[in-house]
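Peer 1: This is the structure, below, for whatever I ask next.
The values are calculated or read from the model by the stated rules, or taken from the named source; none is laboratory data. Computed from a predicted model, the values in this text were never measured in an experiment. Every residue, glycine among them, receives a Cβ derived from its backbone with ideal geometry; neighbour counts consider all protein chains shown.
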């Protein structure tokens, strides 16, 4: 893994979750408003002959709350998942609030050929390879 592949914000969010779980026994009665409000959804990245395929788990996120931007070297997926309204949040483990994942990819990409589908809480993004030297940036609509 190169430094360009490091997702520092995702690592920080995971560390915070781990520390929160560890400290649960020491800090009883934590209020729902204190729960983590920044999170990083898990992403699988695959490469095939045609380009890249990214699969992002976003259960509970509305399609309209997903923003996907792709340029010739990578992509950014961001958005928000609302907290379920409940008058008695006894234990809240599902992250809610803003999320953002950014990836810099080491191969030239063609953003104009990118496609995204969102079904059953899974965002699937396909991005074809580009000819070397081509440059573009687009916002991709999620189907």
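Peer 1: Quick one: how many residues across region 102-111 are more than 15 Å from residue 76 (Cα to Cα) and free of Cβ contacts under 8 Å to residues at least 60 places away in the same chain?
Peer 2: Selection size over region 102-111: 1.
Peer 1: Look at residue 78 and say whether it is without any contact (Cβ under 8 Å) to a residue 24 or more places away in the chain and part of a loop (DSSP other than H, G, I, E, B).
Peer 2: Details: without any contact (Cβ under 8 Å) to a residue 24 or more places away in the chain: yes; part of a loop (DSSP other than H, G, I, E, B): no.
Considered against the rule, which asks whether it is without any contact (Cβ under 8 Å) to a residue 24 or more places away in the chain and part of a loop (DSSP other than H, G, I, E, B), residue 78 comes out as no.
Peer 1: Let me ask something else about it. Which one is surrounded by the fewest Cβ atoms within 10 Å (Cβ to Cβ) among residues in region 87-98 that are in contact (Cβ under 8 Å) with a residue 40 or more places away in the chain and touching a helix residue (DSSP H, G or I) at 6+ places or on another chain (Cβ under 9 Å)?
Peer 2: By that ranking, first place goes to 89.
Peer 1: Restricting to region 1-41, count the residues that are surrounded by fewer than 11 Cβ atoms within 10 Å (Cβ to Cβ) and either in contact with a helix residue (DSSP H, G or I) (Cβ under 6 Å, 6 or more places away or on another chain) or modelled with pLDDT of 80 or more (or both).
Peer 2: Number of matching residues: 1.
Peer 1: Here is a follow-up. Pairs needed: first member in region 43-56, in a strand (DSSP E or B); second member anywhere, exposed (fewer than 13 other Cβ atoms within 10 Å of the Cβ); C-beta distance under 6 Å; at least 6 residues apart or different chains.
Peer 2: Between residues of region 43-56 that are in a strand (DSSP E or B) and residues that are exposed (fewer than 13 other Cβ atoms within 10 Å of the Cβ), the close pairs are 53/46; 55/44.
Peer 1: Among 119, 94, 104, which is the only one that is modelled with pLDDT under 90 and under 14 Å from residue 59 (Cα atoms)?
Peer 2: Testing whether each residue is modelled with pLDDT under 90 and under 14 Å from residue 59 (Cα atoms) leaves just 94.
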